[in-house]
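Notes to accompany the following structure.
The values are calculated or read from the model by the stated rules, or taken from the named source; none is laboratory data. Owing to the predicted nature of the structure, the values given are computational and were not obtained by experimental measurement. Positions of Cβ are generated from backbone atoms using ideal geometry, with glycine treated the same way; all protein chains shown enter the neighbour counts. The accessibility values were calculated without ligands, DNA or RNA, using every heavy atom of the protein model including side chains. Shrake-Rupley method; radii C 1.70, N 1.55, O 1.52, S 1.80 Å.
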Amino acid sequence: MQIFLDTADVKEIRELATLGLVDGVTTNPSLIAKEGRPFREIVAEILSIVDGPISLEVVGTEAPGMLVEARELAKLHKNVVVKIPLIAEGLKAVKQLSQEGIKTNVTLCFSACQALLAAKAGATYISPFVGRLDDISVVGMDLVRQIVAIYENYNYATFVLAASLRSPIHFVDAALAGAHVCTLPPAVLRQLIKHPLTDIGLERFLADWKKVPTDR
Ligand code: E4P
């Protein structure tokens, strides 16, 4: 299971990367906008912190424009993965980019049909948005399960990247479903580490240790 951070907050990325558990980063236009800084500046910093797949999204909606953006983004660094929205024009772009050897992350996936088409087009990653489906009373994790099963049926090489994850339960369920990658907001990654019984247990061990007589 690979863990990506779903943020463009460089301070958070720098801090959490010290855990040694962050394999990559995903961004999107909303996350970039939240930072209030120029795109390229943020991207250069992220690329210098994490040596793994870094997803950067195109904003064009027609295949020719997406291709121009994607080629420019891919030139920035070998770790760049170009995020392409799951629309017909996006699938055309993904097909072409896969022939050029440019890695893609097909985003805004909300159905198994869409995921199958993305794999057929040669996507490197597919991003089912679990939380946004939950938001409309559809069990988002069912989609992850379906995609994993379909890709296994046909031996597609596309990695399933569970996205829009909002809690540790999402993380565990995605792992049980066989997702290859989970992209997590920083706060959720921190939650994964914490358990109250660990804190209480450690506190007791340290308190008891103080009662141990010294050797001399
Ligand atoms: C995925 O790559 C997206 O950036 C992200 O997971 C969307 O999450 P949200 O639905 O919480 O905005």
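I need the full set of residues from the stretch 93-118 which are within 19 Å of A174 (Cβ to Cβ), touching a helix residue (DSSP H, G or I) at 6+ places or on another chain (Cβ under 6 Å) and small (G, A, S), in order please.
Hits for the stretch 93-118 are A112, A115.
Considering only the stretch 6-16, I want to know if a residue exists there that is more than 16 Å from the ligand (Cβ to nearest atom), assigned to a loop (DSSP other than H, G, I, E, B) and modelled with pLDDT of 95 or more.
No - not one qualifying residue is present in the stretch 6-16.
For residues that are small (G, A, S) and within 18 Å of the chain's Cα centre (by Cα), scanning just the stretch 49-61, find the one that is farthest from the ligand (Cβ to nearest atom).
As a first pass, look at the stretch 49-61 and keep what is small (G, A, S): 52, 55, 60.
Still in the running and within 18 Å of the chain's Cα centre (by Cα): 52, 55.
Numbers: G52: 15, S55: 6 Å.
In this case the residue turns out to be G52.
If you go through the stretch 88-110, how many residues are within 16 Å of the ligand (Cβ to nearest atom) and more than 17 Å from the chain's Cα centre (by Cα)?
Pass one, the stretch 88-110, residues within 16 Å of the ligand (Cβ to nearest atom): 90, 94, 103-110.
Cutting the leftovers down to more than 17 Å from the chain's Cα centre (by Cα) gives us 90, 94.
Residues meeting the conditions: 2.
Among (1) open to solvent by less than 10 Å² (accessible area, probe 1.4 Å); (2) of a type outside the set (S, T, Y); (3) within 13 Å of the ligand (Cβ to nearest atom), which single condition is I147 missing?
With (1) open to solvent by less than 10 Å² (accessible area, probe 1.4 Å); (2) of a type outside the set (S, T, Y); (3) within 13 Å of the ligand (Cβ to nearest atom) applied to I147, the lone miss is (3).
Within the stretch 64-82, can one find any residue that is away from the ligand (no atom under 16 Å from the Cβ), open to solvent by less than 70 Å² (accessible area, probe 1.4 Å) and either under 22 Å from F110 (Cα atoms) or at pLDDT below 95 (or both)?
Yes, the stretch 64-82 contains a residue that is away from the ligand (no atom under 16 Å from the Cβ), open to solvent by less than 70 Å² (accessible area, probe 1.4 Å) and either under 22 Å from F110 (Cα atoms) or at pLDDT below 95 (or both).
Which pairs have Cβ atoms under 6 Å, sit 6 or more apart or on different chains, and link a residue in the stretch 121-139 that is open to solvent by less than 30 Å² (accessible area, probe 1.4 Å) and near the ligand (Cβ under 9 Å from one of its atoms) to one that is outside any helix (DSSP H, G or I) and hydroxyl-bearing (S, T, Y)?
Qualifying pairs under 6 Å: S127/T107; F129/S164; V130/S164; G131/S164.
Is it true that some residue in the stretch 31-46 is surrounded by 17 or more Cβ atoms within 10 Å (Cβ to Cβ), touching a residue at least 40 places away in the same chain (Cβ under 8 Å) and within 16 Å of the ligand (Cβ to nearest atom)?
The answer is no, given that none of the residues of the stretch 31-46 is surrounded by 17 or more Cβ atoms within 10 Å (Cβ to Cβ), touching a residue at least 40 places away in the same chain (Cβ under 8 Å) and within 16 Å of the ligand (Cβ to nearest atom).
Right, T27: under 26 Å from K95 (Cβ atoms), away from the ligand (no atom under 15 Å from the Cβ) and either at pLDDT below 95 or β-branched (V, I, T) (or both) or not? Spell out how you get there, then give the answer.
Numbers: under 26 Å from K95 (Cβ atoms): yes; away from the ligand (no atom under 15 Å from the Cβ): no; either at pLDDT below 95 or β-branched (V, I, T) (or both): yes.
No.
From the list T198, T158, pick out the single residue that is among the hydroxyl-bearing types (S, T, Y) and within 16 Å of the ligand (Cβ to nearest atom).
T158
For residues in the stretch 175-188 being assigned to a helix (DSSP H, G or I) and either at pLDDT below 95 or touching a helix residue (DSSP H, G or I) at 6+ places or on another chain (Cβ under 6 Å) (or both), which is nearest to the ligand (Cβ to nearest atom)?
Checking each candidate, the answer is P186.
May I ask you to verify whether V172 is surrounded by 17 or more Cβ atoms within 10 Å (Cβ to Cβ), modelled with pLDDT of 95 or more and either small (G, A, S) or not in a loop (DSSP other than H, G, I, E, B) (or both)?
For V172, the condition - surrounded by 17 or more Cβ atoms within 10 Å (Cβ to Cβ), modelled with pLDDT of 95 or more and either small (G, A, S) or not in a loop (DSSP other than H, G, I, E, B) (or both) - is not met.
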